[in-house]
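Reading through the structure tokens given below for one structure.
The values are calculated or read from the model by the stated rules, or taken from the named source; none is laboratory data. Keep in mind it's a predicted model, so treat the numbers as computed, not measured. We place every Cβ from the backbone using ideal geometry, glycine too, and count neighbours over all the protein chains shown.
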């Protein structure tokens with residue numbers, strides 16, 4: 001049991017650390033195709049089985065298998081890692097020899113015990129048959145006593161062997177069943193597709209300081225075998241430019257942001273930020289230099305300071321500079337910002353985004369009322385005047401004052417021009433979207 005307990009703690013901790021790291025770095029495709037319940041089961045039921053249940057039943061199985069065998073002490077050393085880390089080949093050979101020696105003794109004992117009993121019984125019967133007259137009664141009683149003792153001993157051995165075999169089979173079955181949890185956990189340490197963690201170039205501390213965004217023949221698919229979600233997309237967003245992105249459902253609007261943040265890797269093409277290929281920059285650094293405001297605002301439980309600067313890299317002066325729409329730095333927001341209204345939560349997300357040069361807005365005003373929408377749009381125009389802003393529009397009137405409008409269709413750039421020119425161009429997709437009032 002001590003060996004099993006010594007094994008479970010480091011093994012469970014190692015598996016937990018590996019699984020946590022791989023789940024954190026796993027691709028978006030993995031989470032899209034894997035049910036949440038399955039992931040939670042790996043961290044709860046399977047890891048509990050590896051840490052607690054498996055060592056307990058493994059101890060029982062080893063005790064039933066080896067008993068007082070000479071290899072039992074060696075198995076304890078193996079589980080504690082005394083010899084395995086030094087000479088695994090020598091240890092394996094030594095274990096096989098000791099186990100073989102033990103099994104030979106058990107086999108000889110189990111084989112000759114019934115034969116010995118049968119021989120004694122035959123001798124007694126033969127003696128009585130050959131000389132039934134001269135055979136003394138005392139001898140018969142003596143032999144009968146010896147025979148009865150041997151029979152009793154044989155029966156007691158037979159019952160104990162039956163119990164041992166039953167326990168061995170039961171513990172072996174349970175051990176094999178629980179090893180499935182180890183296999184499942186091990187699968188999450190080897191077979192999970194992970195995001196690339198390479199960092200091939202070192203960028204400046206204020207990168208991207210200009211906010212120049214270039215898509216060059218970008219091709220992207222969500223998974224192998226699926227059609228391209230982006231098919232040869234090329235366009236340039238200049239520093240400080242405000243670009244609205246429109247298109248019908250499935251045209252590839254949100255996929256542009258997924259490609260920009262490298263949530264999905266490109267099949268071909270490049271995305272440049274201030275002339276630097278985003279695929280050459282480390283993921284953590286890339287995503288920390290961009291900002292996105294999703295349709296449903298996300299806030300952490302804690303203060304405004306912790307939500308504006310979760311990593312604690314900004315000074316109080318920088319935080320106060322962007323805090324005008326949001327409130328005081330030490331104001332508590334409650335659990336995931338529940339103390340604020342939906343519009344106020346969006347304002348906090350806007351304040352957080354002010355600390356970056358490139359902002360992506362994914363239908364951030366789709367779930368708020370018209371008045372709150374106007375407030376958010378006014379805040380964006382005033383506070384992001386010198387920043388590059390890409391906006392996926394839910395309401396077309398919110399991007400009519402943009403510098404340009406990018407119209408997506410079937411994963412390609414269909415139109416890219418100023419809203420005024422596109423709305424006045426006969427037969428343009430943007431004009432039809434305006435007239436239909438939908439995307």
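Annotations
- Filtered by the rule that a residue be over 44 Å from the mean Cα position of the chain (by Cα) and in a loop (DSSP other than H, G, I, E, B), segment 413-438 gives 425, 426, 427, 428.
- Meets criteria (over 30 Å from residue 262 (Cβ atoms), touching a helix residue (DSSP H, G or I) at 6+ places or on another chain (Cβ under 7 Å), in the same structural domain as residue 287 (by TED's automatic domain parsing) and modelled with pLDDT of 70 or more) for residue 375: yes
- Of the residues making up segment 388-412, those that are under 22 Å from residue 221 (Cβ atoms), under 34 Å from the mean Cα position of the chain (by Cα) and buried (at least 17 other Cβ atoms within 10 Å of the Cβ) are 390, 392, 408, 411.
- Enumeration of residues in segment 263-278 that are at pLDDT below 90 and surrounded by 18 or more Cβ atoms within 10 Å (Cβ to Cβ): 264
- Number of residues in segment 200-221 that are part of a loop (DSSP other than H, G, I, E, B), without any contact (Cβ under 8 Å) to a residue 60 or more places away in the chain and surrounded by 15 or more Cβ atoms within 10 Å (Cβ to Cβ): the value is 1.
- Residues that are in a strand (DSSP E or B) and farther than 17 Å from residue 427 by Cβ within segment 395-412 comprise 404, 406, 408, 412, listed in sequence order.
- Residue within segment 299-307 that is outside any strand (DSSP E or B), modelled with pLDDT of 85 or more and surrounded by 19 or more Cβ atoms within 10 Å (Cβ to Cβ) present: no
- Among the residues of segment 403-414, those that are closer than 20 Å to residue 252 by Cα and out of contact with any helix residue (DSSP H, G or I) (no Cβ under 6 Å at 6 or more places or on another chain) comprise 404, 406, 409, 410, 411, 412, 413.
- Screening residue 296 on (1) under 20 Å from residue 346 (Cα atoms); (2) without any contact (Cβ under 8 Å) to a residue 60 or more places away in the chain shows it passes everything except condition (2).
- Candidates 247, 240, 232, filtered to the one that is at positive phi, surrounded by 20 or more Cβ atoms within 10 Å (Cβ to Cβ) and assigned by TED's automatic domain parsing to the domain that holds residue 406: 247
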